[in-house]
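Below you'll find the structure, written out as structure tokens, and then a few comments.
Derivation of every value follows stated rules applied to the coordinates shown; laboratory data play no part. Since the model is a prediction, treat every value here as computed from it, not as a measurement. Note that we place each Cβ from the backbone using ideal geometry, even for glycine, and neighbour counts take in every protein chain shown.
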Amino acid sequence: MSVRRAREFESIIADGGQPVGAFVTSVDPSSTLIYGALGYDWVLIDREHGMIDIPAMVAHLRTAEAYGLVPFVRVLGNDPTLIQQALDAGAQGILVPKVGSAAEARRAVAAGRYASGGRGMCPVVPAMEFSGAAWEKRRQVANDNVIVMPLIETKSGVDNIEEIVSVEGVDYIFFGLADLSQDLGLDMVADLPTIVEMWEYVAETAHRHGVRAGAPLGYGFDPLADFGSLVTDLMQLQMAAEKALQDHRLSRVHAPEI
């Protein structure tokens, strides 16, 4: 299992690329397989909003590994036990919801790294290939390559972005369009220009501190986004199914009479 894959993600950005990923909410790892086969760079296995239990998460992780995708897991909350569980299973990065302060960012970062008071030590996990051999080297490689990414999706997250991106170990952040608009009482569509302004402030602050900023693509965030998510699997399926049905019904309306 390549624990260095997360840093391959960084190398794409450093070379001027923009890693493109997908959010996965289905329990079926076929979604991850499809994105890997198509050449996506990363997937986000969504345990916050997706109905994904531990066996399903593991299936997605193994599929991502097989297809060369960088696998991230969005955990339910800023809970060290959930972060450790996802990393032990083989996640290369963690997306932590609703990080609104430097203290919350430090809590998440600590949970993702082997150290006193941080990630619990156990070599008998998939991420360590069930081996305690050369533990110190494995531990250091894991610490050097893990990505713990605060999700900036609240007013407090935007207000405190300077402090959040100043936390040691915060190398990436992600911008959450939907929850931020809800937290501010804004309409995600009608008030998009206001949200784009907030994104620009967040991204520029992150970049000033050498932190990579990611966001959903296609909303006006693209120019400043170092990486981005393009689709969500089940929403993509819903949209394709709806269009197929509408196209079929429309074709019958306009079909020539025989």
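Please enumerate the residues belonging to the stretch 205-220 that are within 16 Å of the chain's Cα centre (by Cα) and in a loop (DSSP other than H, G, I, E, B). Matches in the stretch 205-220: V211, L217. Taking every residue in the stretch 231-247 that is under 20 Å from Y40 (Cα atoms) and pairing it with any residue that is among the aromatic types (F, W, Y) and outside any helix (DSSP H, G or I), at least 6 positions away or on another chain, the pairs with Cβ-Cβ distances below 8 Å are V231/F23; T232/F23; D233/F23.
Checking the structure you have, find out if any residue of the stretch 40-54 is without any contact (Cβ under 8 Å) to a residue 12 or more places away in the chain and surrounded by fewer than 17 Cβ atoms within 10 Å (Cβ to Cβ).
There is no residue in the stretch 40-54 that is without any contact (Cβ under 8 Å) to a residue 12 or more places away in the chain and surrounded by fewer than 17 Cβ atoms within 10 Å (Cβ to Cβ).
The set of residues in the stretch 204-258 that are touching a Lys or Arg at 6+ places or on another chain (Cβ under 8 Å) and aliphatic (A, V, I, L, M) contains only A206. Exactly one residue out of V231, V202 is more than 20 Å from Y35 (Cβ to Cβ) and within 20 Å of the chain's Cα centre (by Cα): that is V202. Here S181 meets each of (1) on the phi < 0 side of the Ramachandran plot; (2) over 20 Å from the mean Cα position of the chain (by Cα); (3) free of Cβ contacts under 8 Å to residues at least 24 places away in the same chain with one exception, condition (2). Of everything in the stretch 14-26 that's crowded, with 16+ Cβ neighbours inside 10 Å and not small (G, A, S), which residue is farthest from G214 (Cα to Cα)? If we take residues in the stretch 14-26 being crowded, with 16+ Cβ neighbours inside 10 Å and not small (G, A, S), then T25 is farthest from G214 (Cα to Cα).
Filtering the stretch 126-162 to residues that are without any contact (Cβ under 8 Å) to a residue 60 or more places away in the chain, out of contact with any strand residue (DSSP E or B) (no Cβ under 8 Å at 6 or more places or on another chain), aliphatic (A, V, I, L, M) and buried (at least 16 other Cβ atoms within 10 Å of the Cβ) leaves only M128. Based on what the data block shows, is A178 within 29 Å of G16 (Cα to Cα) and crowded, with 17+ Cβ neighbours inside 10 Å? So A178 fails the test. Of all residues in the stretch 60-83, those that are under 16 Å from the mean Cα position of the chain (by Cα) and either crowded, with 18+ Cβ neighbours inside 10 Å or in a helix (DSSP H, G or I) (or both) total 14.
Going through (1) out of contact with any helix residue (DSSP H, G or I) (no Cβ under 6 Å at 6 or more places or on another chain); (2) surrounded by 23 or more Cβ atoms within 10 Å (Cβ to Cβ); (3) more than 28 Å from S31 (Cα to Cα) one by one, A86 falls short only on (3). In the stretch 104-116, the residues that are of a type in the set (G, A, S) reach residues that are in a helix (DSSP H, G or I) with C-beta atoms within less than 7 angstrom, at least six apart or across chains, in these pairs: A105/I164; A108/I83; A111/P80; A111/I83; A111/Q84; G112/I83; G112/L87. The number of residues in the stretch 5-41 being outside any helix (DSSP H, G or I) and under 25 Å from I52 (Cβ atoms) comes to 14.
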